[in-house]
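Asks: This is the structure, below, for whatever I ask next.
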Amino acid sequence: MINLEIKVVASNIEEIKNKAIKIGVSNNGVLQQTDTYLLVGKKRLKLREETDRNHLVFYVRENTNDSKFSKYYIVNIPKYLSPIIKKILSAIFGVKVIVNKKRELLIYKNTRIHLDTVENLGTYIELETVFNNNQKEIDLTGEHNFVISSLGLNNLEKISSSYSDLLLSK
């Protein structure tokens, strides 16, 4: 899968949420997420644990401030297997860092809007516009830019790296 994403620092998540409601997002609730990042060099591999589901996520993307493409693969992991998979992967690769966050998930067409509160970091907004084989890149890039503009994200501090990198740099 491929998506186009951007992350910004957000001091007023409620204001941005209100702007999102005005463009017609659907609210998909609040997720508690624990991401265990594994030591795999410059690439990223994490086990994401949530209340009702878990999955292994591998992704590759550049660390740039502006919107960037990310290529990723997701494997759903049954909850009962998660502890043993975590133990095995941690033994093989080692744990880089663990990221705990509360994420409110809003969706506008093909764009996932994450209102994130990250433990020991702060609050952020992350957009991910998901590209499918059936859709034109120009349409989805336009959608991505529309959401950025509608939410006023151009005026906020852009973040180039992942939450894991931000935590490690503290």
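A short reminder: the numbers here are calculations on the coordinates, not readings from a lab. Remember, it's a predicted structure, so these values are computed and weren't measured experimentally. Neighbour counts run over all protein chains shown; Cβ positions are idealised from the backbone, glycine included.
Asks: Taking only Cα atoms, what is the 0 to 90° angle, nearest 10, from helix 13-22's long axis to the longest principal axis of the chain?
Replies: Rounded to the nearest ten degrees, it is 60.
Asks: Further question on the same structure: If you line up the long axis of helix 137-151 against the longest principal axis of the chain, both from Cα atoms, how many degrees apart are they, to the nearest 10?
Replies: 80
Asks: What residues from the range 71-104 fall in the zone where the backbone N is under 14 Å from a label point 7 Å along the Cα-to-C-beta line of Thr123?
Replies: Residues 102-104 qualify, since their backbone N sits under 14 Å from the label point.
Asks: In nm, give the distance between the simple-model label positions of Ile107 and Val30, each being 7 Å from the Cα along the Cα-to-Cβ direction.
Replies: 2.1
Asks: Before anything else, pin down the relative contact order of the chain: Cα pairs under 8 Å, at least 6 apart, normalised by residue count, whole percent.
Replies: Reported as a whole number, the value is 32 percent.
Asks: In whole angstrom, note down how far apart the Cα centers of the range 32-79 and the range 131-158 are.
Replies: The range 32-79 and the range 131-158 have Cα centres spaced 21 Å from each other.
Asks: Please list, by residue number, every one of the trypsin sites (Lys or Arg not before Pro) in the range 37-122 that is coil in DSSP and has at most 12 other beta-carbon atoms within 10 Å.
Replies: Values: sites: Lys42, Lys43, Arg44, Lys46, Arg48, Arg53, Arg61, Lys68, Lys71, Lys79, Lys86, Lys87, Lys96, Lys101, Lys102, Arg103, Lys109, Arg112; in loops: Lys42, Lys43, Arg53, Lys109.
Those satisfying the criteria are Lys42, Lys43.
Asks: Same structure again: Give, rounded to the nearest 20 debye, the magnitude of the charge dipole that the range 2-169 has about its Cα centre when Lys and Arg contribute +1 at Cβ and Asp and Glu contribute -1 at Cβ.
Replies: Values: 24 positive and 19 negative charges, 106 e Å.
Here the size comes out at about 500 debye.
Asks: Which of Lys109/Lys158; Lys17/Lys109; Lys19/Lys96; Lys22/Lys102 have a Cα-Cα distance over 27 Å?
Replies: Lys19/Lys96
Asks: From the alpha carbon gyration tensor of the range 2-169, can you work out the equivalent ellipsoid semi-axes (sqrt of 5 times each eigenvalue) and give them in Å, largest to smallest? Before the final figure, lay out the partial values.
Replies: Working: eigenvalues 142, 59, 53 Å².
That gives 27, 17, 16 Å for the three semi-axes.
Asks: On C-alpha positions alone, give me the angle between the axis of helix 82-93 and the longest principal axis of the chain, in degrees, nearest 10.
Replies: 80
Asks: Could I ask something else about it? Which distance in nm do the two modelled labels at Ile85 and Thr141 give, with both placed 7 Å along the Cα-to-Cβ direction?
Replies: About 3.4 nm, to one decimal.
Asks: Considering amide H positions built from the backbone, and no H for Pro or chain starts, which residues 5 or more places from Asn65, or on another chain, come under 5 Å of its amide H?
Replies: Those lying under 5 Å, H to H, from Asn65: there are none.
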